[in-house]
Amino acid sequence: MSTFKTKNSRREFIRNVSLASGGMILSFNWLASCSSSERELKALPKNWFELNGYLKIGDNGLATVMSPNPEIGQNVKTSMPMLVAEELDIDWNNVLVEQAPLNVGLFGNWQIAGGSRSIGNSWVPLRQAGATARKMLLMAAASAWSVPVNELTTSDGIITHKLSGKSDHYGVFAEQASHLEVPEEVELKEIADYKIIGHSKKNVDGKNIVTGKPLFGLDIYKEGMLTAMIVHPPAFGKVLKSFDASSVINMPGIKDVFTINTFNDEEARGWSDVTAFNEQVVIVGESTWQVIKAKKALKVEWKNMSKTIIKQAGWGGNATDVSIPTGLENTIDHNKNLIDYSSLPLQTARKNGNPEKAFKEAAKVLERTYTAPFRAHNTMEPMNFFADVTEERVILSGPVQTPEAAEGSVATRLKMPREKIEVHLSRMGGGFGRRLYGSFVVESALISQHMKAPIKLVYTREDDMTYGTYRPAYSLKYRAAIDKDNNLTAIHVIGGGIPESPLHENRFPAGALDNYLAEKWVIPSNITIGAYRAPRSNFNASAEQSFLDELAETLGKDPLEFRLELLKRAQENPVGERNDYDAKRYAGVLELVKKNAKWGAQDKKNLKRGVAAYYCHQSYVANVVDVRMDGNKPVIDQVFAAVDCGIVVNPDAAINLAEGGTVDGIGTAMYGELSFVDGVPQQDNFDKYRQIRHHEAPNKIYVDFVKSDIAPTGMGEPPYPPVQAALANAIYSASGKRLYHQPFIHELNS
Amino acid sequence: MAHFTLNVNGASHQVDVEPDTPILWVLRDHLNLVGTKYGCGIAQCGACTIHLNGMATRACQLQVSMVGNSEITTIEGLSENGEHPVQQAWLEEDVPQCGYCQTGQIMSAVSLLKNNPHPSDEQIEMGMSGNLCRCGTYTRIKKAIKRASNN
Ligand code: FES
Ligand code: FES
């Protein structure tokens with residue numbers, strides 16, 4: 001056992017508990033049905049006793065565990081409580097789970113779904129919360145039975161004193177335990193003793209999902225609630241000129257038409273306060289269809305944006321003035337710039353050795369440019385939020401990945417102290433980074449304030465797709481110098497984008513080469529961007545791992561062995577000060593996928609396959625993809641994924657995430673793009689924006705994990721990037737066609 | 001506004017709405033049946049799938065005035081408490097990630113299996129291709145449909 005100091009003093013715990021369970025918060029738990037599950041639970045207890053802010057024990061031995069982080073489909077609502085339950089040492093069948101509201105005082109400042117960090121960041125505190133409660137229950141039992149606490153053992157929620165033969169469940173001691181001091185130190189279990197962590201547990205919301213219970217933000221309906229929608233400029237680079245409220249105000253059910261300014265010009269915008277259209281028209285009505293109809297009928301005029309400067313703060317950083325370019329942009333111009341940026345200044349991001357010399361002396365240079373378009377997140381549930389604002393308090397409820405930042409933005413905008421704002425989290429119909437940017441939360445609060453009524457702001461699919469925080473358009477040029485003896489002597493990478501570069505200059509193959517140069521460029525744009533599942537990595541992997549494949553071929557090497565060779569160098573004799581990856585773990589996933597896919601035996605079976613691997617969000621993933629071509633169309637027979645994410649908390653759920661990341665990666669590489677003509681997004685719904693569908697998904701996905709006792713690392717994002725390159729490399733081996741420009745569907749059909 | 005009497009999940013309901021209101025919004029806004037989801041509004045995602053006289057139908061495309069006496073079944077009416085074999089198969093395979101698309105997927109799968117109790121892989125893929133899952137649970141959905149078809 002390892003001993004950990006508990007962080008919270010007794011007083012803090014009491015304060016935190018009262019915050020977490022304050023009558024006001026519980027009374028607004030409209031999504032209360034969220035807490036049951038398909039497991040057959042005992043009857044509910046008569047009394048609950050709170051042992052700390054994360055959990056309470058019922059008099060019949062049932063436990064309720066709070067899940068602090070937003071649930072976007074990454075399954076933290078199941079896997080985080082598993083950490084608590086493990087150390088509480090209770091039967092998982094006797095655990096109820098509740099989604100916690102925002103409570104920074106209790107849960108710290110990482111109540112956020114982002115960066116694949118939910119499990120990693122809570123690994124110690126959540127287990128500690130369980131262990132602390134267990135120890136308090138033991139102390140209560142020891143005093144009730146008048147025996148030394150160290151003679152007691154627990155198992156599945158039962159405390160036993162072997163010597164006297166006494167034994168009883170936690171519920172018997174819960175009240176007594178709730179009055180005890182929080183112990184200063186607790187012991188945490190050894191991995192070998194885990195009964196819950198590492199053992200698959202089904203989604204605690206599973207039954208509610210398959211029976212259609214109200215779980216999501218859009219499912220919030222409250223007495224007196226109105227529905228609000230926005231009408232935003234049709235093009236990036238346009239702003240509101242005028243609107244004619246009389247064109248819709250008399251339509252059935254319509255209550256009001258007005259404008260809002262999401263952010264104040266005087267206040268600096270926070271990092272998550274991203275909006276392309278600060279001023280918008282709002283239509284409020286009684287029901288959704290009435291507002292949709294009014295939205296279509298509204299007479300509104302737009303004009304070109306003039307030069308705009310906004311005050312914007314970075315991650316906790318100081319605010320700087322950011323100038324938004326004017327003009328109406330076109331994908332045709334973007335695409336030219338992604339390939340030819342020779343007029344732009346390049347910034348050196350990393351240099352090792354003397355790459356210039358290596359290229360000068362090279363016998364052969366392999367040079368390839370890869371590009372990818374803007375992409376919309378397209379969560380299945382469009383953006384929405386509920387707000388009920390009065391003079392005294394603000395209640396916000398819905399799907400947002402960054403509740404704390406959203407609360408801060410609303411506090412600033414409404415000039416309301418944070419203490420008067422409550423934020424409740426619904427289950428989210430997808431996130432992928434889109435819901436990190438909660439400007440829609442501020443919009444909902446402003447609308448409710450104006451209406452003096454509870455409202456639900458709903459984006460139509462078209463709003464959601466054409467008013468986003470997109471994945472930028474990216475470009476990566478790779479160059480490799482090969483000497484006359486066919487040795488790789490240098491790699492040069494230039495990463496650029498509109499308006500952000502995808503470059504990760506300290507990632508592999510940096511560190512594996514004596515001579516290495518990484519440079520970057522950007523072109524500003526008025527198209528709003530944001531984090532998108534595995535930001536930057538989502539394209540880096542595709543370009544880098546496609547290039548390494550072609551490079552291996554040029555060198556006459558097996559692509560998988562070539563990567564292992566580079567990683568061996570990086571492991572044994574790394575180049576440079578800072579390499580962001582662990583070469584051993586990186587090689588580990590390649591070795592595992594090599595074994596599982598029987599790499600090398602492919603010639604016998606006539607398989608057309610590609611390999612790729614990538615590191616991001618502290619985890620490592622390698623893929624082998626097998627395809628056959630049906631004309632220009634790749635048919636994906638099977639995908640192997642080998643993952644190293646440290647300890648796997650909930651294996652089947654992690655497999656599900658890896659499967660989903662694989663499918664998403666294939667869809668990204670093959671199909672989706674958001675293009676612009678005169679600033680107008682050309683795709684505004686799923687008839688034009690192509691998302692991967694059932695028949696385009698792989699027939700089989702085999703996921704395997706490297707056995708590890710390293711603390712858990714990211715799982716939501718890492719399985720998504722490398723499969724894109726593994727697919728491109730497989731298509732090459734099946735068709736002889738190298739693919740450089742996403743979405744591949746265009747190149748395949750040309 | 002006009003009065004309509006609808007037959008939903010075996011019970012009769014009165015609503016007072018515009019005649020062109022899609023059944024999707026009647027179910028969600030007026031009948032408190034929110035298991036039927038909005039995803040696109042243009043018959044492209046399948047999130048709103050219901051059964052009309054037993055046939056899978058996109059609720060976003062069906063105006064309330066067209067329904068008449070037809071029987072509407074929503075996910076809430078598929079079974080009392082999730083006992084339908086397709087729902088059970090979904091739970092056994094632990095299909096959902098975010099879960100938003102899954103009620104529509106289930107309604108489509110039920111209809112698929114009704115017309116073809118033992119579909120091939122290809123028939124499943126084609127039969128389900130109108131239902132998007134942004135989280136990419138397609139391989140699990142296929143497994144769940146096969147499991148349900150074997151039961
Ligand atoms: S909402 Fe009806 S098919 Fe998408
Ligand atoms: S589970 Fe998220 S969209 Fe299907």
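For the subset of region A:105-147 comprising residues that are part of a loop (DSSP other than H, G, I, E, B) and hydroxyl-bearing (S, T, Y), which member is farthest from A:G73 (Cα to Cα)? Walk me through how you get there before you give the answer.
If we filter region A:105-147 for residues that are part of a loop (DSSP other than H, G, I, E, B), which is where we start, we get A:108-117, A:146-147.
Subsequent filtering for residues that are hydroxyl-bearing (S, T, Y) retains A:116, A:146.
Details: A:S116: 12, A:S146: 47 Å.
Result: A:S146.
Considering only strands (runs of 3 or more DSSP E) fully contained in region A:601-717, which possess at least 1 residues that are surrounded by fewer than 24 Cβ atoms within 10 Å (Cβ to Cβ) and within 14 Å of another protein chain (Cβ to nearest Cβ)?
Values: elements: A:608-616, A:619-630, A:633-644, A:700-705.
So the answer is A:619-630, A:633-644, A:700-705.
Out of (1) in contact (Cβ under 8 Å) with a residue 12 or more places away in the chain; (2) surrounded by fewer than 18 Cβ atoms within 10 Å (Cβ to Cβ); (3) among the small types (G, A, S), what's the single condition that is false for A:G171?
Going through (1) in contact (Cβ under 8 Å) with a residue 12 or more places away in the chain; (2) surrounded by fewer than 18 Cβ atoms within 10 Å (Cβ to Cβ); (3) among the small types (G, A, S) one by one, A:G171 breaks only (2).
Please list, ordered by residue number, the strands (runs of 3 or more DSSP E) wholly in region A:335-449 having 3 or more residues that are within 16 Å of ligand 2 (Cβ to nearest atom) and touching a Gly at 6+ places or on another chain (Cβ under 8 Å). Break it down into steps so the answer makes sense when it comes.
Values: elements: A:347-352, A:364-372, A:384-389, A:394-398, A:421-425.
Because the criterion is at least 3 residues that are within 16 Å of ligand 2 (Cβ to nearest atom) and touching a Gly at 6+ places or on another chain (Cβ under 8 Å), no strands (runs of 3 or more DSSP E) in region A:335-449 meet it.
Filtering region B:113-134 down to residues that are more than 16 Å from ligand 1 (Cβ to nearest atom) and among the hydrophobic types (A, V, I, L, M, F, W, C), which residue is farthest from A:F686 (Cα to Cα)?
Step one: list which residues in region B:113-134 are more than 16 Å from ligand 1 (Cβ to nearest atom), which gives B:113-126.
Going one step further and asking which of them are among the hydrophobic types (A, V, I, L, M, F, W, C), we end up with B:113, B:124, B:126.
Numbers: B:L113: 26, B:I124: 21, B:M126: 17 Å.
The qualifying residue farthest from A:F686 (Cα to Cα) is B:L113.
For A:T259, indicate whether it is touching a residue at least 12 places away in the same chain (Cβ under 8 Å), hydroxyl-bearing (S, T, Y) and in a strand (DSSP E or B). Please lay out each step first, then the result.
Details: touching a residue at least 12 places away in the same chain (Cβ under 8 Å): yes; hydroxyl-bearing (S, T, Y): yes; in a strand (DSSP E or B): yes.
Yes; evaluated as a whole, the condition is true for this residue.
For region A:210-222, how many residues meet the condition of being without any contact (Cβ under 8 Å) to a residue 12 or more places away in the chain and not hydroxyl-bearing (S, T, Y)?
Total meeting the criteria: 2.
Checking A:W92 against (1) farther than 30 Å from A:L396 by Cβ; (2) surrounded by fewer than 17 Cβ atoms within 10 Å (Cβ to Cβ), which test does it fail?
(2)
Table: residues versus (1) surrounded by fewer than 21 Cβ atoms within 10 Å (Cβ to Cβ); (2) in contact (Cβ under 8 Å) with a residue 60 or more places away in the chain; (3) not in a strand (DSSP E or B).
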{"residue": "A:K477", "(1), (2), (3)": "yes, yes, no"}
{"residue": "A:H504", "(1), (2), (3)": "no, yes, yes"}
{"residue": "A:S525", "(1), (2), (3)": "no, yes, yes"}
{"residue": "A:A534", "(1), (2), (3)": "no, yes, yes"}
{"residue": "A:F547", "(1), (2), (3)": "no, yes, yes"}
{"residue": "A:T554", "(1), (2), (3)": "yes, yes, yes"}
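Could you count how many residues in region B:96-113 are without any contact (Cβ under 8 Å) to a residue 40 or more places away in the chain, closer than 15 Å to B:G54 by Cα and within 14 Å of ligand 2 (Cβ to nearest atom)?
As a first pass, look at region B:96-113 and keep what is without any contact (Cβ under 8 Å) to a residue 40 or more places away in the chain: B:98-99, B:102, B:106, B:109, B:113.
Within this subset, residues satisfying the condition of being closer than 15 Å to B:G54 by Cα are B:106, B:109, B:113.
Add one more test, that the residue is within 14 Å of ligand 2 (Cβ to nearest atom), and what stays is B:106, B:109.
Qualifying residue count for the region: 2.
Within region B:1-25, track down each residue that is more than 10 Å from ligand 1 (Cβ to nearest atom), at the interface with another protein chain (Cβ under 9 Å from one of its Cβ atoms) and part of a strand (DSSP E or B).
Listed by number, the list holds a single entry, B:V17.
Restricting to region A:414-438, name every residue that is surrounded by fewer than 23 Cβ atoms within 10 Å (Cβ to Cβ), at negative phi and of a type outside the set (V, I, T).
Hits for region A:414-438 are A:L414, A:M416, A:P417, A:R418, A:E419, A:K420, A:E422, A:H424.
Suppose we keep only residues that are within 16 Å of ligand 2 (Cβ to nearest atom) and not acidic (D, E) within region B:61-95. Which one would you say is surrounded by the most Cβ atoms within 10 Å (Cβ to Cβ)?
Only one residue tops the list, namely B:W90.
Among the residues of region A:284-313, how many are without any contact (Cβ under 8 Å) to a residue 12 or more places away in the chain and within 11 Å of A:V248 (Cα to Cα)?
Within region A:284-313, the subset without any contact (Cβ under 8 Å) to a residue 12 or more places away in the chain is A:289, A:296.
Remaining after also requiring within 11 Å of A:V248 (Cα to Cα): A:296.
Residues flagged as without any contact (Cβ under 8 Å) to a residue 12 or more places away in the chain and within 11 Å of A:V248 (Cα to Cα) within region A:284-313 amount to 1.
Could you run through region B:26-39 and say how many residues are farther than 19 Å from B:H13 by Cβ, touching a residue at least 40 places away in the same chain (Cβ under 8 Å) and at the interface with chain A (Cβ under 7 Å from one of its Cβ atoms)? If you could, list the steps in order and put the result at the bottom.
If we filter region B:26-39 for residues that are farther than 19 Å from B:H13 by Cβ, which is where we start, we get B:37-39.
Now narrow it down to the ones that are touching a residue at least 40 places away in the same chain (Cβ under 8 Å): B:37, B:39.
Those still in the list that are at the interface with chain A (Cβ under 7 Å from one of its Cβ atoms) too: B:39.
Of the residues in region B:26-39, 1 are farther than 19 Å from B:H13 by Cβ, touching a residue at least 40 places away in the same chain (Cβ under 8 Å) and at the interface with chain A (Cβ under 7 Å from one of its Cβ atoms).
Filter region B:36-52 for residues that are more than 7 Å from ligand 1 (Cβ to nearest atom) and surrounded by fewer than 24 Cβ atoms within 10 Å (Cβ to Cβ); which is farthest from A:G212 (Cα to Cα)?
B:L52
Is it the case that A:F236 is surrounded by 19 or more Cβ atoms within 10 Å (Cβ to Cβ) and under 23 Å from A:G285 (Cα atoms)?
No, not satisfied.
In region B:26-35, which residue that is assigned to a helix (DSSP H, G or I) and within 15 Å of ligand 1 (Cβ to nearest atom) is surrounded by the fewest Cβ atoms within 10 Å (Cβ to Cβ)?
As a first pass, look at region B:26-35 and keep what is assigned to a helix (DSSP H, G or I): B:26-30.
Going one step further and asking which of them are within 15 Å of ligand 1 (Cβ to nearest atom), we end up with B:26-29.
On the way: B:V26: 27, B:L27: 26, B:R28: 26, B:D29: 20.
It comes out as B:D29.
Scanning region A:198-207 for residues that are more than 7 Å from chain B (Cβ to nearest Cβ) and under 23 Å from the mean Cα position of the chain (by Cα), which turns out surrounded by the fewest Cβ atoms within 10 Å (Cβ to Cβ)? Spell out the reasoning first.
Initially, region A:198-207 is screened for residues more than 7 Å from chain B (Cβ to nearest Cβ), giving A:198-201, A:204.
Still in the list and also under 23 Å from the mean Cα position of the chain (by Cα): A:198, A:200-201, A:204.
Numbers: A:G198: 14, A:S200: 16, A:K201: 24, A:V204: 28.
Across region A:198-207, the extreme among qualifying residues is A:G198.
I'm told B:D121 meets every condition in (1) within 9 Å of chain A (Cβ to nearest Cβ); (2) out of contact with any His (no Cβ under 9 Å at 6 or more places or on another chain); (3) under 15 Å from B:G35 (Cα atoms) except one. Can you identify the failing condition by its number?
Every condition holds for B:D121 apart from (3).
Is it the case that some residue within region A:396-405 is surrounded by 24 or more Cβ atoms within 10 Å (Cβ to Cβ), within 14 Å of chain B (Cβ to nearest Cβ), on the phi > 0 side of the Ramachandran plot and modelled with pLDDT of 95 or more?
Among the residues of region A:396-405, at least one is surrounded by 24 or more Cβ atoms within 10 Å (Cβ to Cβ), within 14 Å of chain B (Cβ to nearest Cβ), on the phi > 0 side of the Ramachandran plot and modelled with pLDDT of 95 or more, which makes the answer yes.
Please indicate, with yes or no, whether at least one residue in region A:122-144 is closer than 30 Å to A:Q618 by Cα, hydroxyl-bearing (S, T, Y) and out of contact with any Asp or Glu (no Cβ under 7 Å at 6 or more places or on another chain). Reasoning before the result, please.
Here is the first cut: in region A:122-144, the residues closer than 30 Å to A:Q618 by Cα are A:122-132.
Checking which are hydroxyl-bearing (S, T, Y) leaves us with A:122, A:132.
Among the residues that remain, those that are also out of contact with any Asp or Glu (no Cβ under 7 Å at 6 or more places or on another chain) are: A:122, A:132.
Yes, there is a match, as at least one residue in region A:122-144 is closer than 30 Å to A:Q618 by Cα, hydroxyl-bearing (S, T, Y) and out of contact with any Asp or Glu (no Cβ under 7 Å at 6 or more places or on another chain).
Please enumerate the residues belonging to region B:1-35 that are under 13 Å from B:I75 (Cα atoms), aliphatic (A, V, I, L, M) and touching a Ser or Thr at 6+ places or on another chain (Cβ under 8 Å).
Correct list: B:V8, B:L24, B:L27, B:L33.
Could you tell me how many of the residues in region A:59-89 are surrounded by fewer than 22 Cβ atoms within 10 Å (Cβ to Cβ) and in a strand (DSSP E or B)?
1
For region A:103-120, enumerate the residues that are within 18 Å of the chain's Cα centre (by Cα) and within 28 Å of A:K420 (Cβ to Cβ). Don't jump to the end; show me each part of the working.
Filtering region A:103-120 for residues within 18 Å of the chain's Cα centre (by Cα) gives A:109-120.
Residues satisfying the conditions are A:N109, A:W110, A:Q111, A:I112, A:A113, A:G114, A:S118.
Residues are listed down the side, and each one gets a yes or a no for (1) within 11 Å of chain A (Cβ to nearest Cβ); (2) over 18 Å from A:Q691 (Cβ atoms); (3) of a type in the set (V, I, T):
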site	(1), (2), (3)
B:L62	no, yes, no
B:G82	yes, yes, no
B:L113	no, yes, no
B:M128	yes, no, no
B:R140	yes, no, no
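I'd like to know if region B:53-74 contains one or more residues that are within 16 Å of ligand 1 (Cβ to nearest atom), of a type outside the set (A, V, I, L, M) and within 17 Å of B:M128 (Cα to Cα).
yes
A:K336: under 20 Å from A:N526 (Cα atoms), in contact with a Pro (Cβ under 9 Å, 6 or more places away or on another chain), surrounded by fewer than 17 Cβ atoms within 10 Å (Cβ to Cβ) and without any contact (Cβ under 8 Å) to a residue 40 or more places away in the chain, yes or no? Outline the logic, then answer.
Details: under 20 Å from A:N526 (Cα atoms): yes; in contact with a Pro (Cβ under 9 Å, 6 or more places away or on another chain): no; surrounded by fewer than 17 Cβ atoms within 10 Å (Cβ to Cβ): yes; without any contact (Cβ under 8 Å) to a residue 40 or more places away in the chain: yes.
Considered against the rule, which asks whether it is under 20 Å from A:N526 (Cα atoms), in contact with a Pro (Cβ under 9 Å, 6 or more places away or on another chain), surrounded by fewer than 17 Cβ atoms within 10 Å (Cβ to Cβ) and without any contact (Cβ under 8 Å) to a residue 40 or more places away in the chain, A:K336 comes out as no.
The values are calculated or read from the model by the stated rules, or taken from the named source; none is laboratory data. Since the model is a prediction, treat every value here as computed from it, not as a measurement. Here Cβ is always computed from backbone atoms with ideal geometry, including for glycine, and neighbour counts include all displayed protein chains.
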